[in-house]
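Novice: Have a look at this one before I ask anything.
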Amino acid sequence: MKKTLALVACALLAVGLAACNADKGPADMAIKAADEAITAAAPEAEKFVPDQLTACKDALTAAKDQFAKGDYKGALAAATELGTKAKDLATAAAAKKDELTKAWTDLSGSFPQMLGAITTKVAELGSARKLPKGMDAAKLTQAKEGLAGLTKSWEEASAAFTGGNLVDAMAKAGGLKEKATEIMGLVGMEPPAPAPAEAPAAAPAK
């Protein structure tokens, strides 16, 4: 009886090991595929969705650890899920890049004109013999200092964009339009009219 039980136990162990080893190859392939996908997406993800990239790398490390410990079934499941996350990583990075590119295009198409108009107005006030009603030397000084700050920030943002750092460019350009509008009000200029909202896409005909 004991011999029979021992044989059964050995048989069950063999079956278990066979099932476990059956997952080893697929797990190894899935981990390598996920690793390659993450590596391919990493350059853009590092710029635009760094937190998401870190999460994927951590998950990959965990899957590799499972594999190293012989948990091939767990490693296979984790790597398979990670393959989907790697695709999502590339998609998210591309979407963020498109979003920031559009924001920069919109800003660079309007802000330089605002900056130029403010520069001209401040220069006119600075050379005027008498300041207009509602304007005094203190306000003019404030406008000049604000203009200097705007100009510097825009130059830094433009340099970052030229250098290929879109995220940094938008970070440096953040709030510049609002600050420019404040200075325009300070020197008696009309703020620019807000851009018209985009019309919703027409529903497809049925």
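The values are calculated or read from the model by the stated rules, or taken from the named source; none is laboratory data. Every value quoted in this text rests on a predicted model; they were computed, and no experiment measured them. With ideal geometry, Cβ positions are generated from the backbone for all residues, glycine too; neighbour counts draw on all protein chains shown. What goes into the accessible areas is simple: the full protein's heavy atoms, side chains included, and nothing from ligands, DNA or RNA. Shrake-Rupley method; radii C 1.70, N 1.55, O 1.52, S 1.80 Å.
Novice: Pull out the extension gain between Glu46 and Ser110, defined as 0.36 nm times the separation in residues minus the alpha carbon to alpha carbon distance; nm, one decimal.
Specialist: On the way: separation 64, 0.36 × 64 = 23.04 nm, distance 2.92 nm.
Result: 20.1 nm gained on full extension.
Novice: Leaving ligands and nucleic acids out of the surface, order Phe161, Phe48, Phe67, Phe111 by accessible area at 1.4 Å, largest first.
Specialist: Phe161, Phe67, Phe48, Phe111
Novice: Let me check I've understood the local charge: for Ala62, count other residues with C-beta under 14 angstrom from its C-beta, Lys and Arg +1, Asp and Glu -1. What total comes out?
Specialist: Net charge around Ala62: -1.
Novice: Let me ask something else about it. List the pairs from Lys139/Lys179; Lys96/Lys177; Lys32/Lys87 whose alpha-carbon separation is above 18 Å, in the order I gave them.
Specialist: Working: Lys139/Lys179 15 Å; Lys96/Lys177 21 Å; Lys32/Lys87 14 Å.
Beyond 18 Å between Cα atoms: Lys96/Lys177.
Novice: Same structure again: Once R0 is set to 30 Å, what does the formula 1/(1 + (r/R0)^6) return for the Cβ-Cβ distance between Thr141 and Glu190, expressed as a FRET efficiency to the nearest 0.05?
Specialist: After rounding to 0.05, the efficiency reads 0.85.
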